[in-house]
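The values are calculated or read from the model by the stated rules, or taken from the named source; none is laboratory data. Model, not experiment: these values are computed from the prediction. Here the Cβ positions follow ideal geometry from the backbone for every residue, glycine too, while neighbour counts run over all protein chains shown. Side chains are part of the model used for accessible areas, which takes the heavy atoms of the whole protein and leaves out ligands, DNA and RNA. Shrake-Rupley method; radii C 1.70, N 1.55, O 1.52, S 1.80 Å.
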Amino acid sequence: MASCASQPKNDFKDNGYQTDTVYISGQVLNFPEGKTLQVAYMKFVEDEQVRLDVTPDSAGHFEIQVPVINSTRLFLYYFMKASSITLFAEPGEKIEIQSDWKEETLAFSGEHARTHQDVYDYWRYVDSLALPYSYIETMDRAYCNTPQAYGFRDHGRGRCGRPWRRGSGL
C-alpha cells in the first residue's frame, strides 16, 4: 500500500552554497545609445546589494555573468523603459531575454522561461493597479467617516486614529 505522505518537492537547485554563475544574454531593441543595463543581486553574507552594468552593442545584444550563491533573486534595471524586472534564478542557469525598449515588450527563453514570464507578467499587472497617493488618501478620508471605520484594531487605535470600542463596528 502506497503512503499518502511524500517528500515536498524542492524546485530550486541547492548547490551547497558554493559560488556559481547565472548567465543572462539577449537583445534589447530600440535601446537608447549611451545607456547601460543593470543587474543587481544581494550578497547575503555581507548584506549588501551589488549592481553589475552591461552595455549592449549597437544592435542591442548583451551578455552578463552574475555570480550567485544558491538560487537567488535578481533585479534587472533599464531592460524596460518604465519598470524593473525581478527574476528568481538558479546557479548555472542560462536566461535569454528579448525586449523592445520603445514598445515595452519582453519575452524570456531558457529552461525556466515560463516561470520568469509569469513572474514578470504578475508584477506588471500589480504595478498597473497602483493608484496615485492622493486617491488613496481621499478614499481613506471617505472611509474614516463611516461607522465601519471603528471596527479595525491597530494597537488600541482604529485605522483612522480613533480609539477602538468594543461592539462598535463590524
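Provide the packing ranking of 48-61, 92-105, 113-126, i.e. peptides ordered by the mean count of other C-beta atoms within 10 Å per residue, highest first.
Order by mean packing, descending: 92-105, 113-126, 48-61.
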Legend entry - Accessible surface, the stretch 15-76, averaged per residue in Å² (probe 1.4 Å): 58
Inset, instruction - Place a label point 7 angstrom from the Cα of Tyr122 along the Cα-to-Cβ direction, then list the residues of the stretch 76-93 whose backbone nitrogen is under 14 Å away. - result: 86-89
Inset, instruction - Give the distance, in whole Å, between the Cα centre of the stretch 40-61 and the Cα centre of the stretch 75-104. - result: 11
Inset, instruction - Return the subset of Lys81/Lys102; Lys35/Lys102; Lys43/Lys81 for which the Cα-Cα distance in this structure is over 18 Å, preserving the input order. - result: Lys43/Lys81
Inset, instruction - Using the Karplus curve 6.51 cos²θ - 1.76 cosθ + 1.60 with θ = phi - 60°, work out ³J(HN,Hα) for each residue of the stretch 109-125 in order, rounded to whole Hz, and write x for Gly and Pro. - result: 9, x, 4, 10, 4, 4, 4, 4, 5, 5, 5, 4, 4, 4, 5, 5, 5
